[in-house]
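Written below as C-alpha cells is the structure these notes are about.
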Amino acid sequence: MIQKILKKKEEKELSFQRTQEKLKILADAAKYDVSCSSSGSKRANTNKGLGDATGMGICHSYTEDGRCVSLLKILLTNYCIFDCAYCVTRKSNDIKRAAFKVQEVVDLTINFYRRNYIEGLFLSSGIFKSADYTMERLVAVAKKLRLEENFNGYIHLKSIPGASDELMREAGLYADRLSVNIEIPTEAGLKKLAPDKNREDFIKPMVKVKNEIIQYKAEKKIIKTTPKFAPAGQSTQMIIGASGENDFQIMQTSNHFYKNYNLKRVYYSGYVPISYDNRLPQIGSAVPMLRENRLYQTDWLMRFYGFDVSEILNQQHQNLDLDVDPKLSWALRNLHEFPVDVNTADKRMLARIPGLGMKSVYKILNARRFRRLNWEHLKKIGVALNRAQYFMVCDSNQFEKRDLTPEKIKGLILQNSNSKYQKTLSNQLSLFS
Amino acid sequence: MIAKNLIYDGTFDGFLSAVFYVFEHKLKQVRIQNEFTMQQGLFSDNETIVTEEVKANRVWKGVKSKLSSKGSYQLYYAFLSEQIGVEDFLLDYMRYAFEKKSNADKDYSHPSVLKIAQLAKSVGREKHRMEAFVRFRLTKDDIYFASIEPDFNVLPLIEKHFKRRYADQKWVIYDIKRGYGLFYDLDHVEIINMDFPAGFDFTKTESEFFATQEFEFQKLWQDYFKATNIESRKNMKLHIRHVPKRYWKYLSEKQPN
C-alpha cells in the first residue's frame, strides 16, 4: 500500500516535471507572436462559470522587454512540416521538440486564470501531419474549455493556413479571436523565404472567417440568440526587416488587409534574428524596434486620426522618417495647412496637429465651449507643446511669427526633445553625416 | 470671518452629509476634513458632521442630475484617492456644477474640474492595476487569497469586476494597508476584517496555509514568465514603468526562486 502511494507521488512529480519542460519549450517558441490583445470580446459570465471577457483587456504583467502579458501564449506543438526560413520552429532547425496534450493546455489555462495571472489563452501551433489535423486539435482545446470547464475567458486561436472551412467555422464558435499571420508583406518575399507556402493558403481561412462574421452580425439582428462567432474579430502579423520591403509596401499591404478582410488589427513584429540563413539578417544584428514603432504610429494615424495611408507613404516617400514621428513628418511636408486655430478648427484638423493625441482633441473640443483656450489651458490639458506650438494659434498674441522652414522647425523640435531612441538615432545619423 | 471646519467620518456618505451642511447653512468660507487625517487650524471653528444617509442621498441625487454619468463617477473616484484636501476641490467642483446649467464636468479649463478629472484618472489607473496585479493563491481551505496594498482605496471599485469574473470560486482580496478586505462566498461579496497569525508574511507562500498544488502553479507561472521574454529586446525602463517596483512583492512572477 505504502509503495503504491509512493509510486503515485512519484508519478505526479514526474508529470509536473514533464509539463514544466513542455511549457518552457512551447512558450519560448510562441513568443514571437506579438499579439496579446484580450479586448473587444463580449463574452459575459452568465452561467456562473469561470471568467468574463467583456470590456477592456488587461495586461496582467509585462516581460522584461516591456511587452504585455495578457494571455497564456503557447504552441500546442513545435513539430512542424514546413521550413520557413524566418521561423524558429522550422523543420530544419535543430531544437528540442515537444507537444502538449489537449488536457494539459486546458489545465494550465484554467489554473492560471483562477489565480488572475491571465485573461485567457492564445494557442498557436506548428503544423504536424496536415493543416486540418492541427486545426482540429486547436479547436478541441477551445471546445473543451468552453463546454466542459464553463470557461468564459478570452481565447485566441491561430487559423492554420489551409484549414478547411468546416473547421474554421467551428473554431469561430469557441474562440474570441482568430488570426493568421501573413508574416512576409509581399508575395515575392514569401516565395524567397517560405517556398513551400503560398499566399492563398493564408487567405482562405481569413475569407471564411470574414464571411462568417458578416453573416453572424446579420443574423444577430434578427435572432438575438445566434451563437457568437469570433466576437473579437481577426488579426494578422507581418515581420518587419526580414525580407527587404520598404515601409510603403508594408503599409500598402496592411491597408489592403484592413480594407478587404475587416481586420481588427495588423501587428508589426521587428525581426529577431534566429538563424544563420544568408537570406536573412544575421544573428546579432539589431531588432528594428524604432522602425516597428513608426509603423505602429502610421497604423494609428490610419485607423484613428483620419489619415489616408497615401498621405503618409507614397511613391515620393517610401520610408518613414526615423527621427520624427509620421504625423510631424507629414505636417512638415504640408506647412501650407498650418497654423491651425484650436478655438475654431474642426476635429479633423485638430487631429492633424503634431503633439495632439485624440484624447487632447476631445478635451479641447469640450473645453472650448466654455471659454477661448490659451497656452496655459492647453498645457494643463496635456498637449505636447514642444511640437504643437509651431503648428497652432490660440487665444494669445504669442505664437510663432517667424516664417520658419520645415528643416528649421524640425531642428528646433529635435533640440528640445528627448527621444528614448536617442542612442539608436545618433548611430544611424552619423552614418550619413 | 473665521472659516468653518467640517469634520466627517471618512465615508463617502459622511462627506456628502458635510456638503449638505454647507448648502443648508449657506457657508462660504469652509473646509471639509476627514477625522483621521485632519489638520488642526489655529482659529478654526470645528463642527463634527453626523453621517446621514438621507441627506447624503439628496446631495448625490442633485449631483447626478447636474453631471453626466462620467462626471459623477469621476467625483466618487477622486474621493477615493484619499488625498489631503481633495474634499475642498470636490466641494468647489460641486458648487460650480450646481451653478452651471449643465455639463460642468466637461469644462477642463476650470481648475477644480481639471484637478478632479486628473485625480479620478489616477484612481482609475490604480483600479485597473489592481484588476491586473491581484494574484490569488489557493489556501488549504479552498479559498483563493490575495493581498494588496493599493495607493488609493480601490477595493469598492474592483468588487464587481472580480465577482463577475470568479463566480465559481471562493476568494478574498485583502487590503493590508487599510485593514479590510472583500470575501466572496460563491453567492455575494461582503466586507471583512481578518486576524492574521503573529508574524504572518503576506509575501511568502507557506505550506502551512497554502495548498500543495499552489507551489506547482506558481513555479509554472514563473517559468512561463521567463520563457515568454525576448532577451534581445530587453527594456527594463519600460518594464518598470509598466510594473512599478512597489507592486513586485505581491506578484508571483517577481518572487525570487
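The values are calculated or read from the model by the stated rules, or taken from the named source; none is laboratory data. Remember, predicted model here, so these are calculated numbers, not experimental data. Don't worry about glycine lacking a Cβ; one is built from the backbone with ideal geometry, like all the others, and counts go over all protein chains shown.
Note on the range B:140-161: residues that are over 15 Å from B:ARG125 (Cβ atoms) and not hydrophobic (A, V, I, L, M, F, W, C) total 9.
Return yes when B:TYR108 is among the hydroxyl-bearing types (Ser, Thr, Tyr), in contact (Cβ under 8 Å) with a residue 12 or more places away in the chain and touching a Leu at 6+ places or on another chain (Cβ under 8 Å) and no when it is not.
The answer is no for B:TYR108.
Each residue in the range A:287-334 was checked for being within 14 Å of another protein chain (Cβ to nearest Cβ) and among the acidic types (Asp, Glu), and 1 of them qualify. The residues of the range A:261-306 that are hydrophobic (A, V, I, L, M, F, W, C), free of Cβ contacts under 8 Å to residues at least 40 places away in the same chain and farther than 16 Å from A:GLN237 by Cβ, listed by number, are A:ILE283, A:TRP300, A:LEU301. From A:PHE122, A:PHE128, A:PHE100, grab the single residue that is surrounded by 22 or more Cβ atoms within 10 Å (Cβ to Cβ) and over 25 Å from the mean Cα position of the chain (by Cα). Answer to the selection: A:PHE100.
Quickly run through the range A:53-90 and pick out the residues that are among the β-branched types (Val, Ile, Thr), farther than 16 Å from B:ARG129 by Cα, buried (at least 20 other Cβ atoms within 10 Å of the Cβ) and modelled with pLDDT under 95. Spell out the reasoning first.
First, pick out the residues of the range A:53-90 that are among the β-branched types (Val, Ile, Thr): A:54, A:58, A:63, A:69, A:74, A:77, A:81, A:88-89.
Right, trim to farther than 16 Å from B:ARG129 by Cα and you get A:54, A:74, A:77, A:81, A:88-89.
Going one step further and asking which of them are buried (at least 20 other Cβ atoms within 10 Å of the Cβ), we end up with A:74, A:77, A:89.
Scanning the range A:53-90 gives a single hit, A:THR89.
Cβ separations smaller than 8 Å between residues 6+ apart or across chains give the following pairs from the range B:23-42 residues that are closer than 14 Å to B:MET94 by Cβ and in the same structural domain as B:LYS55 (by TED's automatic domain parsing) to residues that are at pLDDT 90 or above and among the charged types (D, E, K, R): B:ILE32/B:GLU87; B:ILE32/B:ASP88. All told, B:TRP221 falls short of being within 10 Å of another protein chain (Cβ to nearest Cβ), buried (at least 17 other Cβ atoms within 10 Å of the Cβ) and under 19 Å from the mean Cα position of the chain (by Cα).
Test B:TYR180 against the stated conditions and say whether it is within 23 Å of A:GLU149 (Cα to Cα) and surrounded by 14 or more Cβ atoms within 10 Å (Cβ to Cβ). So B:TYR180 fails the test. Residues in the range B:191-214 that are loosely packed, with under 15 Cβ neighbours inside 10 Å and within 13 Å of chain A (Cβ to nearest Cβ): B:THR212, B:GLN213.
Does A:MET238 count as in contact (Cβ under 8 Å) with a residue 40 or more places away in the chain and closer than 25 Å to A:VAL139 by Cα? Here the answer is yes, as A:MET238 does meet what is asked. Tallying residues that are touching a Ser or Thr at 6+ places or on another chain (Cβ under 9 Å), within 14 Å of another protein chain (Cβ to nearest Cβ) and modelled with pLDDT of 90 or more within the range A:380-425 yields 1.
Taken over the range B:91-116, the criterion of being within 10 Å of another protein chain (Cβ to nearest Cβ), modelled with pLDDT of 90 or more and crowded, with 22+ Cβ neighbours inside 10 Å is satisfied by B:VAL113 alone. Would you say A:TYR113 is assigned to a helix (DSSP H, G or I), under 30 Å from B:TYR250 (Cα atoms) and hydroxyl-bearing (Ser, Thr, Tyr)? Yes: the conditions hold for A:TYR113. Checked against the criterion of being in contact with a Phe, Trp or Tyr (Cβ under 7 Å, 6 or more places away or on another chain), assigned to a loop (DSSP other than H, G, I, E, B) and buried (at least 16 other Cβ atoms within 10 Å of the Cβ), the range B:121-142 contains one or more residues that satisfy it. Restricted to the range A:4-54, and to residues there that are at the interface with chain B (Cβ under 7 Å from one of its Cβ atoms), under 29 Å from the mean Cα position of the chain (by Cα) and hydrophobic (A, V, I, L, M, F, W, C), the residue that is farthest from A:ARG67 (Cα to Cα) is A:LEU50.
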